Amino acid sequence: MKKNLKKIVLFLFLVISVFSFSEIRFKDDVGREIVLKKPLTKVVVASRYNNELIRAIGSIKNVISVDTNTAQDRIYWSEFDPNNVIGKGQNALNYEKIIELAPEALITPRNSSYEKDIEQLSKAGIEVIVVTGWDNANMPAQIERLGKMFANEAGAKKLIDFYNKNLDEITKKVAKIKNKKTIYWEYGNPFTTAIPGTSNDGWVSMMRTAGGISIFDDPNIKGKTIDPEQILINDPDLIIKTTSGSALKNTGIYTAPSEEEYDEISKEMVSRSGWQDLKAVKNKNFYITTGFCAGGLGKLIGVAYTAKWLYPEEMKDIDPDKIFAEWMAMQNIETPKGHVYKLK
């Protein structure tokens, strides 16, 4: 009788376990209903931002391969082989390689080729899940999705709490500021900036959240570059240059650019026609940072630095260096030096 009872209990336990993990439902970042039969244990991931979130919640062991834009950083992502990647980046994936690796899913951001990815990978039974790790307009939702798919809600909650705590402290202070200051933000090539509704939209959101007004916060602007004369006309309070350094274009790596490289970039910018008369240049309220640093945790790190540069008095209790260091601790790596440069 006892033996039969044990068998019944064991059977019920197995049934409950299977039922508990038989279906995980959530919507991905483009509103698609995702249904998983069990938590994911074997995935490939496009975008460093996505990989950082996965590592921060404690589920990086489930990632078997990444893109070159991630794997290029041999210090930060030493666990991934750049000769065994799923493609250069989120819009240039190697479907044959992905199918060969046989993951349960590909995780990729919404500004990727996800529609084509679905078309190519669904035939092989590989789920495509859209998570946008750079989206600071909706970061908790991105982290929550990852927690669900890996059945790691506890890790996701810890990261969400860290994000919300720091963001709330900044936004409360920003809300009290009546006269908002202006910013000219430049990325990569000269006169390439963040325009709403483009692939640089996350940087627009970063400036807004920090309490700044981008002088090119206009969705009607067309093209990749802007009219340089508008910078002189608007005379911004703060100038920020974000650079990739030696990383692949518009990405980021652990090792910061050299002081000489920063000097060279700043000299080129300051020597532009009329720039010597800009108040941001005169007041040396001119900074260069990296995509690796400012882009961290949905650009929360960039928000903290930008708010501090805009409103040093109001943000005197905000320590961007500390937030950056805590974020690096979540990546299980020592905080790198040299990712922020101030005009001399």
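Every number in this text was worked out from the coordinates using simple rules, so none of it is lab data. Values in this document were obtained by computation on a predicted structure and should not be read as measured data. FYI the Cβ positions are ideal-geometry reconstructions off the backbone, even for glycines, and counts take in every protein chain you see.
At-a-glance table
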| read-out | value |
| --- | --- |
| Mean-position separation - Cα centroids, the range 163-221 and the range 22-58, in angstrom | 28 Å |
| Residues whose placed amide H lies under 5 Å from that of Q90, excluding near-sequence neighbours | S47 |
| Charge sum, other residues only, whose C-beta stays under 9 Å from K284's C-beta, Lys/Arg counted +1 and Asp/Glu -1 | +3 |
| Span per principal axis, largest first, for the Cα atoms of the range 166-305 (Å) | 37, 36, 31 |
| P(r) weight above 26 Å for the chain, C-alpha pairs, percent | 52 percent |
| Positive-end extreme of charge dipole, the chain - chosen from G223, Q72, V281 (charges on Cβ) | Q72 |
| For the range 226-289 and the range 308-344, distance of Cα centres in Å | 18 Å |
| Modelled FRET efficiency - R0 41 Å, E79 with K284, Cβ distances, 0.05 increments | 0.50 |
| Ordering of 136-147, 161-172, 284-295, 35-46 by packing [mean C-beta count within 10 Å, highest first] | 284-295, 136-147, 35-46, 161-172 |
| Estimated Rh, the range 23-153: Kirkwood, alpha-carbon pairs, angstrom | 14.4 Å |
| For I34, distant residues with modelled amide H under 5 Å away | F26, K27, D28 |
| Only Lys, Arg (+1) and Asp, Glu (-1) charged, at Cβ; the range 203-344 dipole about Cα centre in debye | 140 debye |
| The chain: antiparallel DSSP beta bridges as a percent of all, rounded to 5 | 30 percent |
| Mean Cβ neighbour count within 10 Å, used as a protection proxy, ranking 106-115, 69-78 highest first | 106-115, 69-78 |
| Simple Cβ-charge dipole of the range 281-333, Lys/Arg +1 and Asp/Glu -1, about Cα centre, in debye nearest 20 | 260 debye |
| Full-extension gain in nm, E261 to K61, via 0.36 nm per residue minus C-alpha separation | 68.4 nm |
| Cα-centred dipole magnitude for the chain, charges only on beta-carbon of K, R (+1) and D, E (-1), debye, nearest 20 | 1280 debye |
| Positive-pole candidate from I99, H339, I301, dipole of the chain, charges at beta carbon | I99 |
| Compactness of the range 164-245 - radius of gyration and Dmax, Cα, Å | 13.2, 40 |
| Most fluctuating residue given options K88, K123, K181, as computed from a GNM of the chain linking Cα atoms under 10 Å | K123 |
| Where Rh is the Kirkwood radius over Cα pairs, Rg/Rh for the range 83-203 | 1.06 |
| Charge tally in the Cβ shell below 13 Å around Y114, where Lys, Arg are +1 and Asp, Glu are -1, Y114 excluded | -3 |
| Fraction in percent of alpha-carbon pairs per bin - 10 Å, the range 39-107 | 24, 61, 16 |
